[in-house]
Amino acid sequence: MKKGLIAATLAAAVLLAGSASAQIKIGFHAPQSGPAAADGKSSTIGAEIARDWINEKGGVLGQKIELVIYDDQNKPDQSVPIANKLIGQDKVVAAISGSYSGPTRAAAAVFQQARIPYISAYGVHPDITKEGNWAFRGVQLGQPQGKGAAKFIADKFGKVKVAMLTMNNDFGQSIAEGFKEEAQKLGLTLVKEYTFGLGERQFGPIVASVKNDNPDVIYAIGYYFVGGPLVAQVRAGGLKQPIVAAQAFDSMKLIEIAKDAAEGIYIVGGMDRGRKDPADFQPYLAEFKKRAGYDAEAVSANCYSAVMLMADAIKRAGSTDPAKIRDALAATKDFAMLTGPLGYFNSVGELYSPLEVTQVKGGQFVGVTVIDDQAILAPPK
Amino acid sequence: MSAYIASLISVIGINLILALSLNIITGFCGQVSLGHAAFYGLGAYTAAYLAKLGAPLPLTLLAGMAMAGAIGIVVGLTSLRVRHDFLAVTTMGIGFVFLGFVRKQKWLGGELGISGIPGSGLDAVTYALLIAGFAMAVLGFSLWIKQSWMGFTFDAVADDEDAARTVGVNVSTYKLTAFGIGTALAGLAGGLYVYFARIILPDTFDFVQSIAILTMVVIGGTGSVWGVFAATIALTLLPEVSRAAADYRLLIFGAMLMLVMRFSPGGLAGLVKRKPA
Amino acid sequence: MLFVELIVKGLVYGCMYAMMAVGLTLVYGLLRILHIAHAGVFALGAYMTVTVANATGSLALGFLVATAVSAVAGTAIYRLAYQPILHHAAFVPMVVSIGLFIVMQEGFRLIFGAYGIAFDTNPWYVANVSLAGISLTYVEIAMVIMSVVLLVGFGLFAGLTRAGIGWRATVTDPQMATSFGVDPVRVRYVNFLFGSALAGIAGGLVGLLNNYVEPTMGGAVSYKALAIIVLGGLGSVRGTLIASLVLGVVEAFGAIYLADIFDRDAIGFLFLIVVLMVRPQGLLGRG
């Protein structure tokens, strides 16, 4: 009897050990070379931190998570073979894009056809989720982000005149569309919309023209590396109006570049760095800094949360069957992401999440308010 | 054939058409172009636009070719007016103007490009074979031109325009022909790309893409069809076999470009078949 | 008022373009090479300025090191990359130059990081002088003064000194100059030394202007500088200067009034193509 018990325990131990060493493979692609490599590096580190922390706590379903990571060079013609390779050779059960819209949209079609659940961690192109019901987005679409900004401006400053400075890319364009739509409803006046390229660093002409328009508020959509020089030149040009900016301004680099000129900027969709919840937020900021050597921004946090969300879905599915993972993902309710709570996914895989508004104060991003308005932020179908 | 292999074949096929078509302009006819991606983009945008309107695949591909070729001939006209180095910068400029225009056009999706493109109606493997078929046709066509009378004339124009003119070659016609053929084929590659990626964004057709195509041509050996063929396949597969070294990929790319041209301006083909000094 | 301010801003950026483009035009005038890697030297200057300034706290030392390193780097590029292949078609050194530029850009990214570097202290970046409603930052003013001083200095050198006259003679007719005792190889070295130093200083200034030094910062400037030297009529220094200022102003107006149809990068090239259709030899080219 005793012998039997020992044998059974041993057998169970062996079985457990066996299953714990088996890996759940999740595909991950991000740009790791060329001009887009900066965000690709951050997103990969974010995803790796999530993987390591999950595995330190014993993995999911008794198995370790393995990320199969490939460089997509920010090109659709790279992400399509990568998606096929992840499916056919690596046999992943789920996949995450830590990349921009182009490669993500192209890969989404491949994952859809192979019926593999897929999360776009920060790609904002509206069509990424439109291919079918296997693609989800771990970040608000541009449209609700823009609408949220319009609401913030209207609430904070009233029916004011706004000059809009938009970056030329899918991120800029989709946010701008949402903003313009909502601004009109809320009675804001758009005096003029200016556009500039990602490579633009000299904003003298735009600043001169904005000065001429004399708006009450400046709304700027761009990445931090465009935003830094932009706000500095706006201030140097003698413009004292409040600046409200979009999510991608959220990087400590912005403050490093713009220095004092960054003081007072509002960021709609930013991250309050002093926030205590969720519980893994502060440890994440510290761990990221340790691994990367620079401060974490939203892009890396999005990728971290996407991996965490996928692992959570696998746990809730109780299975590594892609169909069950997909169903579990679709049923997600109130999941704590680093960038804010994910309320739910709508029928096309777009999330609802409140937007945090931060302000630069004393060289830090400090929380100002949270926009949690279903009417405005509800994801479009 | 696995879907992975099929997608690799598709990418290789598209790159082959791009490189071989640039080789006709730059390799055969000696007209430097730093804006080939613009014609790739013209074909892609034309095909995608028509595909969204419901046009069938053969029509969209043909329209893409026609559009790229027509604009290509117009650009070719500048090659008649400006001298060599001007042409390099002018074609580069065409690339920037194309991109700068397209990204501002609401009816072409602006920055969001064109997506939601209907499928080709073929499964991934058959479509890959179709692309491969086109690539082989372009390869055969290149080989045919090279040893045809037209090829010899291109050679003469590339070597010494004035000498060619004195022996009665209508240099202008040949230059325009090279531009027309080369850019139309780039347009074909664009059309094929549309059904492969099912999304096109302006930045896919940027200056870096033009340089990538040029790299395949010069590393293979400007003017050498088989050299360009081999280099294109090798360069396209390089990231597949060395995914681990992703961080150094572009660095290696640039170094190869520099070193090959520095030590063997004839490219790989020049290494294989060194002309007696 | 807006018009005046746009012109002023355009001229400031024109000065920045000029400092880049003059080096390119010097190289082209002498060797008929489209020296695209010049933009890499420009970025190198910016990196040297920011790293030295941040490490030592001395911006002056930063510029000094940047000037020296850029000058040496540019000369080394000539010696190692171009000189051995000058007998090939112009296309060959141009492609080498493109390869080298990619290597430099990626090298900066790998060594200094993809996220770029800001100056620790950069008081002149926002501080400005306001005159009749037009404000210029100290860095912008420095850029204008620096470019005027350096370019006038160069003009005096070329016009008045023995070495300068030898230089001009070499550009016009290398063989004739050689027979008059000018050493053409030395002229080439001086050429790269001066042009690259200028680009390095321009890089440091642009780094200050943006308060941001990044791996790709050479890119936009390099394309524009190429457009400028073609616009000016390849090899013509005076043409290049005029083209730089004209492009700066055209872009400033384009960024405001043409932005719905073309982006700013396209405006410069569109202008170039239009000019070339009318004058295939460029603004001041000799045909």
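Each value in this text was obtained by applying a stated rule to the coordinates, not by laboratory testing. Since we're looking at a predicted model, the values are computed, not measured. FYI the Cβ positions are ideal-geometry reconstructions off the backbone, even for glycines, and counts take in every protein chain you see.
Evaluating 6.51 cos²θ - 1.76 cosθ + 1.60 at θ = phi - 60° for every residue in region C:199-208, the Karplus couplings come out as 5, x, 5, 4, x, x, 5, 5, x, 5 Hz, glycine and proline recorded as x. Each Lys and Arg contributes +1 and each Asp and Glu -1, all at the Cβ; summed about the Cα centre of region B:3-206, the dipole is approximately 500 debye. Computed 3J(HN,Hα) for region B:137-148, one whole-Hz value per residue from the Karplus formula 6.51 cos²θ - 1.76 cosθ + 1.60 where θ = phi - 60°, is 4, 5, 4, x, 4, 4, 4, 5, 4, 4, 9, 8, glycine and proline marked x.
Of the listed pairs A:LYS151/C:LYS9; A:LYS211/B:LYS106; B:LYS52/B:LYS106; A:LYS156/C:LYS9; A:LYS290/A:LYS333; A:LYS151/A:LYS192, which have alpha-carbon separations greater than 24 Å here? Result: A:LYS151/C:LYS9; A:LYS211/B:LYS106; A:LYS156/C:LYS9; A:LYS290/A:LYS333 exceed 24 Å. As a proxy for reagent exposure, ranking A:LYS253, A:LYS361 by other Cβ atoms within 10 Å from fewest up yields A:LYS361, A:LYS253. Put simply, the Cα atoms of the protein assembly as shown extend 107, 69, 57 Å along their principal axes, the longest span coming first. Listing B:TRP149, B:TRP226, C:TRP167, B:TRP144 from fewest to most neighbouring C-beta atoms within 10 Å gives B:TRP149, B:TRP144, B:TRP226, C:TRP167. The Cα center of region B:1-26 and the Cα center of region B:186-212 differ in position by 12 Å.
Share of pairwise Cα-Cα distances greater than 26 Å in region C:12-216 is 37 percent (whole percent). Sorted largest first, the spans of the alpha carbon positions of region C:143-287 along the three principal axes are 56, 39, 25 Å. Fewest-first ordering of C:HIS35, B:HIS84 by other beta carbons within 10 Å of each residue's beta carbon gives B:HIS84, C:HIS35.
Distance from the Cα centroid of region A:264-312 to that of region A:115-169 is 19 Å (rounded to whole angstrom). The calculated Kirkwood hydrodynamic radius for region B:36-114 is 13.3 Å, given to one decimal from all distinct C-alpha pairs. Taking amide H as placed 1.01 Å from N in the peptide plane, C:GLY235 has its amide H under 5 Å from the amide H of C:GLY29, each at least 5 places away in sequence or on another chain.
The local environment of A:ASP295, defined by Cβ-Cβ distances under 15 Å, has a net charge of +1 under the rule Lys, Arg +1 and Asp, Glu -1. The order of the peptides A:236-243, A:78-85, C:259-266 by mean Cβ neighbours within 10 Å, most packed first, is A:78-85, C:259-266, A:236-243. For region B:69-138 and region C:42-102, what is the separation of their Cα centres, given in Å? Using only Cα atoms to place each centre, the spacing works out to 34 Å. Enclosing the Cα atoms of chain A in their convex hull gives a volume equal to 134 cubic angstrom per residue.
Just the number, please: Stokes-Einstein D of region A:222-381 in µm²/s, Kirkwood Rh from C-alpha pairs, 37 °C, 0.692 mPa s. After rounding, the answer is 193 µm²/s. Take each peptide in B:121-128, A:212-219, C:7-14, count the other Cβ atoms within 10 Å of every residue, and average; sorted highest first, the result is C:7-14, A:212-219, B:121-128. In the calculated pair-distance distribution of region B:3-206, the portion above 28 angstrom amounts to 27 percent of the Cα-Cα pairs.
Over all residues in B:112-120, what is the mean tally of Cβ atoms on other chains that come within 10 Å of each residue's Cβ? Partner-chain Cβ atoms within 10 Å, mean over residues of B:112-120: 5.
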